[in-house]
Amino acid sequence: MSKFTPDRLKSYHPASPLSRGHMPNNFEISLKEYTKNQAHRIPPYLGISQPLMGFDSEYRNIIDYIVRITYRIWETNEREVDYISDCYSDDSLVYDDYGLQVGNKKIIADTHHTTSAFPDIVLNAEEVIWSGDDQVAFHTSHLTRIIATNTAKSRYGDATGHVINVPVIANCVAMKNDIFLEHVLYNTSAMLQQLGIDLWEEVDRLVADPPAGWPRSQQVWDDLRSAVSPTKALSKAEPVDGFDPDAFSREIHDNIWNGDGSKMYKAYAPNVEFEGTTERKFKGTKAYKGYIEGFHQTFSNFVLQVDEVYWMGNETDGYLISTRWSAEGIHSGEFLYRAPTEKKCQIWGLTQWRLKNGLIENETQLFNELDLMMQIGKARLDD
């Protein structure tokens with residue numbers, strides 16, 4: 001590939017919220033079209049061209065950019081980890097499982113560490129939901145599946161020889177080839193569990209020797225929630241007739257997490273397929289209701305807010321919807337996380353929905369479970 005130098009004459013912070021006109025109303029540029037329904041991971045024909053001012057000319061559209069920078073960094077024979085410096089800005093802000101990571105040097109170091117511990121790592125794209133353009137910035141929600149064998153020492157201990165298979169979601173904002181804002185959940189709790197590591201024992205170790213960025217400050221928590229969030233929801237600022245993905249996401253999240261859950265059966269297909277954090281996997285609305293009830297039995301005063309929604313699609317072909325959300329609650333029950341601490345906890349998540357005929361047929365949802373357990377572990381230690 002040709003040498004590319006990104007334009008960094010100015011910072012792109014703060015990221016601009018999107019308008020309704022930034023949402024693609026079709027799937028001409030989509031992962032399904034790009035891979036020809038998974039016939040290719042990276043196709044010989046890289047898809048239709050899209051304006052990408054300031055991006056490396058190697059890329060034809062935003063899907064091609066997201067898929068190929070991931071492959072180039074993690075999987076090529078050359079394994080161009082240092083290419084991160086050309087596609088993450090020097091002042092990038094990355095909110096991850098542990099807290100806030102600032103700048104691309106930390107990302108490079110962490111990636112070198114991971115590829116050393118898991119040298120056969122594969123990151124297979126399962127979905128990319130995008131919106132925006134090269135003027136306001138592209139917003140992408142990238143669901144990828146990491147498959148790798150732990151054959152060398154990692155920050156979690158000696159090599160186990162175990163194979164991990166975990167979904168990861170990264171919501172990025174990119175301008176001129178630079179990702180400058182990212183909310184990413186690596187599903188670390190699932191990875192540790194698959195490595196055969198006891199989660200509560202690891203929580204105690206991490207609380208005693210915290211990773212960079214943890215525990216997050218109140219300011220970081222506030223910024224995580226408000227980053228690129230519109231001052232007024234699109235459903236209020238730009239109301240439309242007919243089905244509105246923004247209104248739908250906000251209403252359903254509010255009803256099933258903060259309300260009585262009565263709208264679940266009108267929003268979800270009866271046989272909805274769900275995959276979530278720490279190897280949660282189930283089918284059907286009854287199982288989904290039980291999942292939510294577990295949180296309500298564990299956290300009192302639980303209040304969830306939707307921080308950002310974007311989507312692609314239309315009523316005929318269906319929709320792909322990305323929702324970033326956050327919540328607070330008092331750990332007052334022992335249903336999920338052992339004896340209650342009566343302390344406030346911070347929970348945030350990324351959700352992808354696939355809708356057809358107004359019903360959610362598939363949901364992938366990740367949240368910061370290891371961090372949540374660490375908050376609870378620290379509260380016990382502080383007491």
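The values are calculated or read from the model by the stated rules, or taken from the named source; none is laboratory data. Values in this document were obtained by computation on a predicted structure and should not be read as measured data. Here the Cβ is made from the backbone with ideal geometry for all residues, glycine too, and neighbour counts use every protein chain on show.
Just a few scattered comments:
- Residue in region 48-69 that is outside any loop (DSSP other than H, G, I, E, B), touching a Gly at 6+ places or on another chain (Cβ under 8 Å) and either of a type in the set (Lys, Arg) or more than 17 Å from His139 (Cα to Cα) (or both) present: no
- Any chance Glu293 is among the acidic types (Asp, Glu) and surrounded by fewer than 16 Cβ atoms within 10 Å (Cβ to Cβ): yes
- Restricting region 228-256 to residues that are modelled with pLDDT of 95 or more and in contact with a Leu (Cβ under 7 Å, 6 or more places away or on another chain), the residue that is surrounded by the most Cβ atoms within 10 Å (Cβ to Cβ) is Asp246.
- Filter pass, Ala152 being surrounded by fewer than 15 Cβ atoms within 10 Å (Cβ to Cβ) and either touching a residue at least 24 places away in the same chain (Cβ under 8 Å) or polar (S, T, N, Q) (or both): yes
- Criterion: among the charged types (D, E, K, R), out of contact with any Phe, Trp or Tyr (no Cβ under 8 Å at 6 or more places or on another chain) and more than 15 Å from Leu185 (Cα to Cα) - qualifying residue of Asp120, Asp134: Asp120
- Output for region 326-338, where each listed residue is in contact (Cβ under 8 Å) with a residue 60 or more places away in the chain and out of contact with any Leu (no Cβ under 6 Å at 6 or more places or on another chain): Ser326, Arg338
- For region 36-67, residues that are under 16 Å from Ala125 (Cα atoms) and at pLDDT 95 or above total 7.
- Filtered residue count, region 154-210, keeping only those that are part of a helix (DSSP H, G or I) and not small (Gly, Ala, Ser): 14
- Looking only at region 6-47, and only at residues there that are under 21 Å from the mean Cα position of the chain (by Cα) and among the charged types (D, E, K, R), the one that is surrounded by the most Cβ atoms within 10 Å (Cβ to Cβ): Arg41
- So Thr70, is it closer than 15 Å to Ala174 by Cα and either β-branched (Val, Ile, Thr) or modelled with pLDDT under 95 (or both): yes
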